[in-house]
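Everything below concerns the one structure shown next.
The values are calculated or read from the model by the stated rules, or taken from the named source; none is laboratory data. Note that the coordinates shown come from a computational prediction; the quantities given were computed from them, not determined experimentally. Backbone-built Cβ (ideal geometry, glycine too); neighbour counts: all protein chains shown. For accessibility, only protein heavy atoms count, side chains too; no ligands or nucleic acids. Shrake-Rupley method; radii C 1.70, N 1.55, O 1.52, S 1.80 Å.
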Amino acid sequence: IVKRVPIFSEKSAAGGYYQGSSLDGSRPAAWYANLYDIKATQTFKMPALSFHEAVPGHHLQIALNQENTNQTLWNKFGYRTSAFTEGWALYAERLAVEAGLVKDPYEMIGSLQSELFRAARLVVDTGLHAKKWTREEAILYMMDNAGEVRSESESEIERYIVWPAQATSYMIGRIKIMELRERAKSELGDRFNIKDFHSVVLMNGILPLTVLEALVDKYIEDNRS
């Protein structure tokens, strides 16, 4: 289901986020949209955000993990890593474009703006924690370079301040998944099947990227002949 971000937390929350269902399904999964500064909400950005938070992003990823009878309770709920979890969701934004789910030119602008936003986050994350930028410097950078209004920039920058490398981890995960996909395509040629590759990525729980790489290498080796 789609819900509004609770009013008490919307000022400091991200533009949207996902919450998985309860294990027994009695509480459905939810994609939360932030309506704090609704006049500043750019509707052309919503498809890319939906691909990230819902399908083929977090909802597909997390629902498959919860439904996977081969996973332990620990693998379903006990371990989280932004590099893998958010890396998949960022990869899903690119995958949606590749799959032809973005058909409207304005939606494509939204997807490209999301790419710009992700790039700018790499700068402010390292700026804040390695270059000792001030909060105001980081806010202005996001406004000037990612097309963000001040309310959006403030909530994003305050999240990065208290969570070092969180913004950077998204891109690290996406780059690794893309790298592994290209490796599998190069090694397997006509034997490569993107559905099988995605199954390897999604059906083994939430993983450290080193473990994911080992599983993909095994998939490649098992499918050579």
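Residues in region 12-50 that are in a helix (DSSP H, G or I) and touching a residue at least 60 places away in the same chain (Cβ under 8 Å) were compared, and the one that is surrounded by the most Cβ atoms within 10 Å (Cβ to Cβ) is A48.
G100 meets all of the listed conditions (1) within 30 Å of L64 (Cβ to Cβ); (2) open to solvent by less than 60 Å² (accessible area, probe 1.4 Å); (3) in a helix (DSSP H, G or I) but one, namely (3). Once region 158-183 is narrowed to residues that are under 15 Å from Y219 (Cα atoms) and not acidic (D, E), the residue that is most open to solvent (accessible area, probe 1.4 Å) is R183. Residues of region 193-212 that are in contact (Cβ under 8 Å) with a residue 40 or more places away in the chain and within 16 Å of N223 (Cβ to Cβ): V201, M203.
Within region 181-225, the set of residues being within 18 Å of G57 (Cβ to Cβ) and aromatic (F, W, Y) comprises just one member, F197. A single entry from K176, K218 fulfils the requirement of being out of contact with any Leu (no Cβ under 9 Å at 6 or more places or on another chain) and at pLDDT 95 or above: K218. Among residues of region 98-115 that are within 12 Å of F51 (Cβ to Cβ), those with a Cβ under 6 angstrom from a residue that is assigned to a helix (DSSP H, G or I) and open to solvent by 60 Å² or more (accessible area, probe 1.4 Å), sequence gap 6+ or separate chain, pair up as V102/M108; G110/F44. Quick check: is even one residue across region 53-61 in contact with a strand residue (DSSP E or B) (Cβ under 8 Å, 6 or more places away or on another chain), open to solvent by 50 Å² or more (accessible area, probe 1.4 Å) and either of a type in the set (A, V, I, L, M, F, W, C) or over 28 Å from G205 (Cα atoms) (or both)? No, the conditions are met nowhere in region 53-61. If I filter region 63-77 down to residues being of a type in the set (A, V, I, L, M, F, W, C) and open to solvent by 30 Å² or more (accessible area, probe 1.4 Å), which single residue comes out as modelled with the lowest pLDDT? The residue in question is F77. Being touching a residue at least 24 places away in the same chain (Cβ under 8 Å) and within 21 Å of K3 (Cα to Cα) is not true of A83.
Residue pairs whose Cβ atoms lie under 6 Å apart, sitting 6 or more positions apart in sequence or on different chains, and linking a residue in region 160-171 that is farther than 10 Å from G87 by Cα to a partner that is crowded, with 18+ Cβ neighbours inside 10 Å and among the basic types (K, R), are A167/R121. Is it the case that region 191-198 has a residue that's open to solvent by 60 Å² or more (accessible area, probe 1.4 Å), modelled with pLDDT of 95 or more, among the hydrophobic types (A, V, I, L, M, F, W, C) and in contact with a Lys or Arg (Cβ under 8 Å, 6 or more places away or on another chain)? Within region 191-198, one or more residues are open to solvent by 60 Å² or more (accessible area, probe 1.4 Å), modelled with pLDDT of 95 or more, among the hydrophobic types (A, V, I, L, M, F, W, C) and in contact with a Lys or Arg (Cβ under 8 Å, 6 or more places away or on another chain). Take the conditions (1) buried (at least 20 other Cβ atoms within 10 Å of the Cβ); (2) more than 30 Å from I109 (Cα to Cα); V201 misses just one of them, which is (2). With respect to the conditions (1) under 22 Å from the mean Cα position of the chain (by Cα); (2) surrounded by 15 or more Cβ atoms within 10 Å (Cβ to Cβ); (3) touching a residue at least 24 places away in the same chain (Cβ under 8 Å), E154 lacks only one, and its number is (3).
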